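Trainee: What follows is a single structure, and I will ask about it in a moment.
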Amino acid sequence: MEDQLTNARHQINDVDRQITSLLEKRFKAVQAVNEYKQQHQLPVLDQHREEQVLAKVADHVTDSATVLYIQNIFKEIMHQSRAFQDAQRKEG
């Protein structure tokens, strides 16, 4: 029983490392997007784009029981991306 729990937690730790690496890559792309938006005087929030992202996320999820939860995670990722862009604009 303990081995099963330990193994599951090791899997979670491995996935968390992958997620962290991917989020860092995502934020580098967000930084590039923000630079473009600033150069073209565009707002941080693009509601249409966020709706597209959530729709694509739903399309990629294979377990329908998790769609809402994964979309909620992406909503938070986008919220933090906007906060990051706002902070960049204040620093610049």
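Please treat every number below as a calculation from the coordinates, not as lab data. Note that the structure is a prediction, hence the values are computed from the model and not measured. When we count neighbours, we look across all protein chains shown, and the Cβ atoms used for this are built from the backbone with ideal geometry, even at glycine.
Trainee: Go through 62-73, 23-34 and give me the packing order, highest mean Cβ count within 10 Å leading.
Mentor: Taking the mean over residues of other Cβ atoms within 10 Å, the ranking is 23-34, 62-73.
Trainee: If I model a spin label at residue 75 and residue 10 as a point 7 Å from the Cα along the Cα→Cβ vector, what separation in nanometres do I get?
Mentor: 3.6
Trainee: Now for a different question. Rounded to the nearest 10 degrees, what's the angle between the helix 67-91 long axis and the longest principal axis of the chain, both from Cα atoms, 0 to 90?
Mentor: Long axis of 67-91 versus the principal axis of the chain: about 40 degrees.
Trainee: Determine the shape class of region 1-77: with a ≥ b ≥ c the square roots of the Cα gyration tensor eigenvalues, call it rounded for a/c under 1.5, and otherwise prolate if a/b is greater than b/c, oblate otherwise.
Mentor: oblate
Trainee: Using the Karplus equation 6.51 cos²θ - 1.76 cosθ + 1.60 (θ = phi - 60°), what ³J(HN,Hα) coupling, rounded to whole Hz, does each residue of region 51-64 give in order, writing x for Gly and Pro?
Mentor: 5, 4, 4, 5, 5, 5, 4, 4, 5, 7, 6, 9, 9, 4
Trainee: Explain nothing, just compute: Karplus ³J(HN,Hα) = 6.51 cos²θ - 1.76 cosθ + 1.60, θ = phi - 60°, for every residue of region 16-26 in order, whole Hz, x for Gly and Pro.
Mentor: Listing the rounded values in order: 4, 5, 5, 4, 4, 4, 5, 5, 4, 4, 5 Hz.
Trainee: What shape does region 44-92 take by its C-alpha gyration tensor, where a ≥ b ≥ c are the square roots of the eigenvalues and a/c under 1.5 counts as rounded, a/b above b/c as prolate, and the rest as oblate?
Mentor: Values: a/c = 4.33, a/b = 2.44, b/c = 1.77.
Prolate, since a/c reaches 1.5 and a/b exceeds b/c.
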